[in-house]
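The values are calculated or read from the model by the stated rules, or taken from the named source; none is laboratory data. Remember, it's a predicted structure, so these values are computed and weren't measured experimentally. Note that we place each Cβ from the backbone using ideal geometry, even for glycine, and neighbour counts take in every protein chain shown.
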Amino acid sequence: MLLVAALGITQGLQLLRGALASLSVFLGQVRDVDAPLLALVIFAIFLGGFAAPLAYKLLGRHRAFLPFAALLAVLRLAEHLSSAPDARLAIQIAGVIAWLWLIPLVILRPTSESSPDAGARPIVALLLGLTIDTAIKGAFWTLDPGFANGLSPLLTTVAISCLHLVAIACVARSRTPSDEFAAPPRSAFVIGPGLALHVLVFQNLAAHSALTGWSIPAVFAWTLTANLAAILALILFFRSSSPPPRWMSFVAAVCLVISAASFSSTALATFGALVGPISIATLWFAALSPSGANWTGWITAALGMLAIPLVLFGWYAHYEIAMPIPQWLLPIAAAVLVAIPPCLGSESTAKTADSTQLPSGRDRLVRFGVPAFAFLLLLLPLHQFISQNTPAPPADHGDSLRVLTYNIHQGFDAEGRPGLEEIAELIESQRPDVVALQEAPRGWVVNGSVDAVSWLAQRLGMHTAWGPAADPFWGNAVLSRYPIRHVENTPMPNNGDLRFNRAYLIVTIDVRGEPIQIVATHLHHIEREPQHRLPQVRALLGGVDWTRPTILLGDLNAQPHQQELGLLTESGLQTSKRPVPTYPATRARRQIDHIFVTRHFAIEEFDSIQTTASDHLPLMAVLSRGN
């Protein structure tokens with residue numbers, strides 16, 4: 001039963017990330033659904049969690065739990081096999097609702113259960129499910145198998161789904177539905193904000209890599225260690241089903257709030273990644289140990305799950321609409337919600353187990369088998385450390401330099417489907433020496449929590465430089481075949497006037513012993529608002545040493561005849577005299593992606609590449625040294 005519950009949590013999390021990405025990119029950007037309407041759709045999905053007690057009453061815990069778990073396994077496999085964006089979204093929404101129904105059933109326990117491990121077993125299932133999910137994402141360099149092409153991701157999805165179905169069949173054959181189960185405790189709402197924190201912060205490998213500068217294998221190992229520590233900390237309480245002492249809950253609450261505040265903080269990110277999971281495990285155990293609740297536990301459990309869209313979409317809604325609370329307060333508010341019941345509740349409501357009772361085989365499995373399994377998962381980042389790609393030497397193009405600029409649409413194709421593999425294949429086919437990326441996500445949950453920069457650098461075997469813009473997890477990047485000697489990222493001066501911050505990235509590469517500057521940027525995105533791009537262009541002209549050999553690459557969101565680009569040409573920068581449409585990718589009519597060079601270069605070739613791997617076309621230039 002523990003494995004069934006854990007894999008149900010894992011596959012639900014994968015479907016949740018897929019649904020968030022489809023809602024944000026496919027509906028929000030490709031279908032251009034307004035933000036308020038999109039918010040209504042999202043909350044309508046999560047309101048489906050209120051139907052969980054109805055299913056329990058109609059079917060009973062066992063008859064509801066196993067079918068919901070099986071449904072998640074089937075839907076996860078169907079999502080991977082589906083290529084149509086509409087069908088994927090429908091499958092993902094159904095999967096999220098089934099997951100919302102499953103979670104309250106996971107935390108139920110028999111009213112007659114007197115095992116010392118009874119109170120902790122549901123929390124172990126939650127933590128184990130989170131750990132397996134993190135292990136799968138980390139093994140694929142943060143790209144969820146459902147977002148990837150190829151045989152290996154497909155086999156992983158099939159293997160996990162088949163293992164889940166086999167475990168369900170074994171439980172169905174051996175389990176007797178004779179036990180009566182207590183309703184969820186009134187404090188069951190702590191599950192929702194705790195899961196929101198895990199998804200946004202503590203299991204977000206890409207975000208921690210962006211904050212700390214650590215490689216994905218290093219962050220992967222650190223996060224799995226934190227999860228293992230959380231499981232071991234929980235097992236320390238197995239000698240009694242009573243909640244931990246009140247002082248321990250207070251300490252865990254303080255640590256959790258600090259850890260939640262560490263999101264976007266480079267200094268505290270490492271501390272938060274380790275302490276956060278342990279703190280949540282302690283507080284979950286303290287809040288969910290009391291039994292004997294009535295039907296209100298079902299309502300509070302469903303209400304708590306609403307914290308997931310509130311925290312996750314609330315975080316990203318700041319870039320679209322005015323929000324009543326500051327962005328940084330959302331994870332802290334979620335941490336406070338998790339901490340309130342253990343810190344204010346009564347310790348006397350818990351049922352104390354008979355300490356003389358010998359642990360059952362199932363309890364021994366939890367005590368020893370789960371930590372051993374979690375410890376074995378640490379072999380995955382070790383394998384990554386050993387087998388990761390090292391940057392390949394530059395191709396021999398003579399004295400020419402091949403450069404490419406590409407707005408990758410957060411890793412999604414023109415129809416809103418995951419497209420990072422297609423993007424990598426296209427870049428690989430063009431054999432560029434330097435690539436500038438725009439709209440590169442590094443941990444945005446609404447983009448699948450992928451580190452597109454690290455994934456592409458690993459996939460292509462290139463050096464990388466990162467330039468955050470909107471926040472520490474979204475911005476510009478440069479991939480280079482040549483060694484990178486210096487990196488400097490500068491925010492645009494008029495960011496205070498915009499919801500979506502911008503920046504420009506200056507990267508100095510060593511081309512056969514000669515330093516060359518690569519400037520990568522992405523200007524204000526609303527084409528009819530040149531008044532916001534003009535200060536950004538002036539900042540570029542004043543902030544870069546254009547007397548050095550320099551190449552400007554980026555999505556400038558302005559057409560060749562517009563004033564913003566006139567400022568660049570008036571300053572002496574050169575580009576192709578022939579406009580090359582780059583947007584939209586399905587029927588390009590406007591050139592808003594550009595390559596400018598200083599007098600040190602001559603443009604030999606200049607063209608876009610036809611593809612729908614993003615909503616922009618990549619723009620390619622072959623440069624030679626000028627006079």
Q: Restricting attention to segment 513-540, report how many residues are under 20 Å from LEU479 (Cα atoms), more than 29 Å from the chain's Cα centre (by Cα) and of a type in the set (Val, Ile, Thr).
A: 1
Q. Going by the structure shown, is ALA602 buried (at least 17 other Cβ atoms within 10 Å of the Cβ) and in the same structural domain as ILE423 (by TED's automatic domain parsing)?
A. no
Q: Report, by residue number, each residue of segment 419-451 that is assigned to a strand (DSSP E or B), of a type outside the set (Asp, Glu) and under 20 Å from ARG481 (Cα atoms).
A: VAL434, VAL435, ALA436, LEU437, GLN438, ALA440
**Q.** Selection count, segment 396-434, where residues are in contact with a strand residue (DSSP E or B) (Cβ under 8 Å, 6 or more places away or on another chain), of a type in the set (Ser, Thr, Tyr) and closer than 22 Å to PRO581 by Cα
**A.** 2
Q: Answer yes or no: is there a residue in segment 579-594 that is out of contact with any strand residue (DSSP E or B) (no Cβ under 8 Å at 6 or more places or on another chain) and within 28 Å of SER400 (Cβ to Cβ).
A: yes
Q) In segment 183-213, what count of residues is obtained for those that are aromatic (Phe, Trp, Tyr) and either modelled with pLDDT of 95 or more or not assigned by TED's automatic domain parsing to the domain that holds ALA333 (or both)? A) 1
Q: Working only within segment 55-90, note down all residues that are under 28 Å from PHE189 (Cα atoms), in contact (Cβ under 8 Å) with a residue 40 or more places away in the chain and not small (Gly, Ala, Ser).
A: TYR56, ARG61, HIS62, ARG63, PHE65, LEU66, PHE68, LEU72, VAL74, LEU75, ARG76, LEU89
Q) Going by the conditions given, is HIS532 closer than 22 Å to PRO493 by Cβ and modelled with pLDDT of 95 or more? A) yes
Q: Mind listing whichever residues of segment 181-204 are over 15 Å from ALA281 (Cβ atoms), over 19 Å from the mean Cα position of the chain (by Cα) and not small (Gly, Ala, Ser)?
A: PHE181, PRO184, PRO185, ARG186, PHE189
Q. Can you name the number of the only condition in (1) over 16 Å from the mean Cα position of the chain (by Cα); (2) modelled with pLDDT of 95 or more; (3) not in a strand (DSSP E or B) that ALA477 fails?
A. (3)
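Just a yes or no: is a residue in segment 31-38 in a helix (DSSP H, G or I), buried (at least 21 other Cβ atoms within 10 Å of the Cβ) and of a type outside the set (S, T, N, Q)?
No; the residues of segment 31-38 include none that is in a helix (DSSP H, G or I), buried (at least 21 other Cβ atoms within 10 Å of the Cβ) and of a type outside the set (S, T, N, Q).
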Q: Count, please, the residues in segment 250-303 that happen to be surrounded by fewer than 24 Cβ atoms within 10 Å (Cβ to Cβ), in a loop (DSSP other than H, G, I, E, B) and among the polar types (S, T, N, Q).
A: 6
**Q.** Flag for ALA52 being assigned by TED's automatic domain parsing to the domain that holds LEU200, in a helix (DSSP H, G or I), of a type outside the set (Lys, Arg) and surrounded by 20 or more Cβ atoms within 10 Å (Cβ to Cβ)
**A.** yes
Q.
Quick check on this structure: which one of GLU488, GLU529, GLU564 is of a type in the set (Asp, Glu) and in contact with a helix residue (DSSP H, G or I) (Cβ under 7 Å, 6 or more places away or on another chain)?
A. GLU564
Q. Given (1) touching a strand residue (DSSP E or B) at 6+ places or on another chain (Cβ under 9 Å); (2) surrounded by 15 or more Cβ atoms within 10 Å (Cβ to Cβ), where does LEU498 come up short, assuming only one miss?
A. (1)
**Q.** Exclusive hit being in contact (Cβ under 8 Å) with a residue 60 or more places away in the chain and over 30 Å from PRO418 (Cα atoms), set LEU565, LEU619, LEU573, LEU623
**A.** LEU623
